[in-house]
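Working notes, structure below.
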Amino acid sequence: MILAEARTGSTLLGDYLNCDPSVTISGEVLNPFSTVGIAQKAISKSAALRHIRYSLHSPRTRVGGVKLHLSHMAAHGISGTDLVRDFPEAYFIVLYRSSFAEQFVSHKIARQTEVWEDRTGKRAFSGKIHVDSEEFTNYCDGAVRAYEALLKDLHLAAHSIVISYEEMATDAQSLFREKVFPFLHIPMRTITTGLKKQNKRSLSAVVENYDDVCPLLEKYSSVQLTKPVENTFSAESIFKFA
C-alpha cells in the first residue's frame with residue numbers, strides 16, 4: 001500500500017512499481033472522483049475496507065497494490081491500526097514530500113488548472129499562485145498531524161519504509177535498487193514513467209507574493225520524516241524542520 005498525502009508523487013511511485021509485470025498498483029481507491037474509487041458519503045468504514053481488499057485482490061498479477069491518500073482514509077475513519085488489523089501481510093510505503101511549500105503550490109496549481117496529472121508535456125503551468133499565510137500554515141499543520149496519526153501504529157511503522165518525492169526526483173533508479181525493490185522482495189529492473197512535470201519553475205517565479213511569504217515557505221521547504229523507534233513516539237521524533 002502506498003500511503004501518502006496528495007501531490008507527493010504517489011502516481012509517479014505507482015508508475016515505477018508498475019514497470020514490473022508481476023505488479024499492479026491500482027489508483028486512489030478511496031478517491032470519490034476516481035474511476036476506481038468509492039463515494040465518501042453513506043459509505044461505512046467496513047465497506048471502505050472491503051473495497052480496499054477487493055482492489056488489492058482484483059489484479060491477476062503476483063503483487064497487487066493500492067494508493068491511499070491520508071485525507072481519504074480520514075474521511076472514512078480509517079487509521080493505520082485498521083490497515084494493520086485487516087491486512088496483516090501488507091507492505092506499506094509511506095511517501096511524503098520534503099518541501100511542504102512545493103507540495104502546497106503544486107496542489108494550488110492542480111486546483112486552479114484542474115489538471116492532476118500530465119502525460120503529454122503540453123500542459124505546463126505558466127501562471128501565478130497567491131499564497132495565503134494562514135492557509136499555508138494550516139495546510140502544513142494538517143500534513144504533520146496526518147503523518148503523525150499514521151505512524152503512531154508502531155506495527156505499521158515496523159512494516160513500512162518511508163521515502164520522499166525528492167529522493168525519487170533525484171535518483172529514482174538508485175532508490176528502487178537500494179530500498180524499494182528489496183523491501184518488496186521484487187527483482188531489480190529499469191523503471192520509467194510517462195508523467196510530465198506540470199511546473200518546472202522555482203517558487204520565487206510562481207508565487208506572486210513570494211517576498212511577503214518567503215520566510216514561511218522556507219520554514220517548510222526541507223522537512224524530514226522518519227519512522228518512530230521501538231516504543232517511543234512524538235511529533236519531534238519523526239519530524240525535523242530545517
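Nothing in this text is a laboratory measurement; each read-out follows from the coordinates by a stated rule. The structure presented is a predicted model; accordingly, all values stated were derived computationally and were not measured. A quick note on method: Cβ atoms are made from the backbone with ideal geometry, for glycine too, and the neighbour counts reach across all protein chains shown.
If each of Ser221 and Thr61 carries a label point 7 Å out from its Cα toward its Cβ, how far apart are those two points in nm?
3.7 nm
Work out from phi, with θ = phi - 60° and the Karplus expression 6.51 cos²θ - 1.76 cosθ + 1.60, the ³J(HN,Hα) of each residue of segment 115-130, listed in order in whole Hz, and give x for Gly and Pro.
Once θ is set to phi - 60°, the couplings for segment 115-130 become 10, 9, 7, 10, 10, 9, x, 10, 10, 4, 8, 10, x, 10, 10, 9 Hz.
May I ask for the net charge around Val29, where only other residues with Cβ less than 15 Å from the Cβ of Val29 are counted and Lys, Arg are +1 while Asp, Glu are -1?
Net local charge, Val29 excluded: +1.
Using a 7 Å offset from the Cα along the Cα-to-Cβ direction at both Ser44 and Asn138, what is the distance between the two label points in nm, to one decimal?
Result: 3.3 nm between the two label points.
Points 7 angstrom from Cα along the Cβ direction at Ser204 and Lys122: gap in nanometres?
My value for the distance between the label points is 3.4 nm.
With N denoting the number of residues in the chain, provide Rg(C-alpha) divided by 2.2 N^0.38 Å, to two decimal places. Before the final figure, lay out the partial values.
Details: Rg = 17.8 Å, N = 242, 2.2 N^0.38 = 17.7 Å.
Ratio of Cα Rg to 2.2 N^0.38 Å: 1.00.
Using DSSP to call loops (not H, G, I, E or B), can you name the GluC sites (Glu not before Pro) in segment 135-232 whose Cβ has at most 16 other Cβ atoms within 10 angstrom?
In loop regions of segment 135-232 (DSSP not H, G, I, E or B), the sparsely surrounded GluC sites (Glu not before Pro) are Glu208, Glu230.
For the chain, what is the mean residue ellipticity at 222 nm derived from helices alone (per DSSP H run of n ≥ 4: -39500 (n - 2.57); sum divided by total residues; nearest 500 deg cm²/dmol)?
Rounded to the nearest 500, the figure is -12000 deg cm²/dmol.
Tally Lys and Arg at +1 and Asp and Glu at -1 over the other residues with C-beta under 11 Å from the C-beta of Leu49: what net charge comes out?
+2
Report the local net charge at Asn138: Lys and Arg +1, Asp and Glu -1, summed over other residues whose C-beta lies under 11 Å from its C-beta.
With Lys, Arg at +1 and Asp, Glu at -1, the net is -3.
Calculate, in nm to one decimal, what Cys19 and Asp212 gain on full extension: separation in residues at 0.36 nm each, minus their alpha carbon distance.
Working: separation 193, 0.36 × 193 = 69.48 nm, distance 4.30 nm.
Stretched out fully, the Cys19 to Asp212 stretch lengthens by 65.2 nm.
What residues qualify as long-range amide H neighbours of Ser26, i.e. H under 5 Å apart, gap of 5 or more or another chain, H built at 1.01 Å from N?
Hits under the 5 Å cutoff: Gly65, Val66, Lys67.
Which parts of segment 193-211 would a label at Val115 reach, counting a residue when its backbone N lies under 16 Å from a point 7 Å out along Cα-to-Cβ?
194-202, 206
To test your reading of the geometry: what angle, between 0 and 90 degrees and rounded to tens, separates the Cα axis of helix 165-175 from the longest principal axis of the chain?
Roughly 50 degrees, rounded to the nearest 10.
Just list whichever of Lys152/Lys197; Lys108/Lys179; Lys67/Lys227 have alpha carbons separated by over 23 Å in the model shown.
Too far apart for the 23 Å limit: Lys152/Lys197; Lys108/Lys179.
How far is helix 100-113 tilted off the main Cα axis of the chain, in degrees rounded to 10, range 0 to 90?
90 degrees
As an exercise, identify the trypsin sites (Lys or Arg not before Pro) in segment 16-69 lying in DSSP coil whose Cβ has no more than 12 other Cβ atoms within 10 Å.
Sparse-neighbourhood loop trypsin sites (Lys or Arg not before Pro): Lys41, Arg60, Arg62.
Residue by residue, what Karplus-based ³J(HN,Hα) values in Hz, rounded to whole numbers, does segment 72-84 have, using 6.51, -1.76 and 1.60 with θ = phi - 60° and x for Gly and Pro?
Working through the residues one at a time gives 6, 4, 4, 4, 9, x, 8, 10, x, 4, 4, 5, 5 Hz.
To test your reading of the geometry: what angle, between 0 and 90 degrees and rounded to tens, separates the Cα axis of helix 133-151 from the longest principal axis of the chain?
With rounding to tens, the tilt is 20 degrees.
Test of the criteria: in segment 1-86, which chymotrypsin sites (Phe, Trp or Tyr not before Pro) are in a DSSP loop and have at most 10 other Cβ atoms within 10 angstrom of their Cβ? All intermediate terms of the calculation are to be shown ahead of the outcome.
Numbers: sites: Tyr16, Phe33, Tyr54; in loops: Phe33.
Within segment 1-86, the qualifying chymotrypsin sites (Phe, Trp or Tyr not before Pro) (loop, at most 10 other Cβ atoms within 10 Å) are Phe33.
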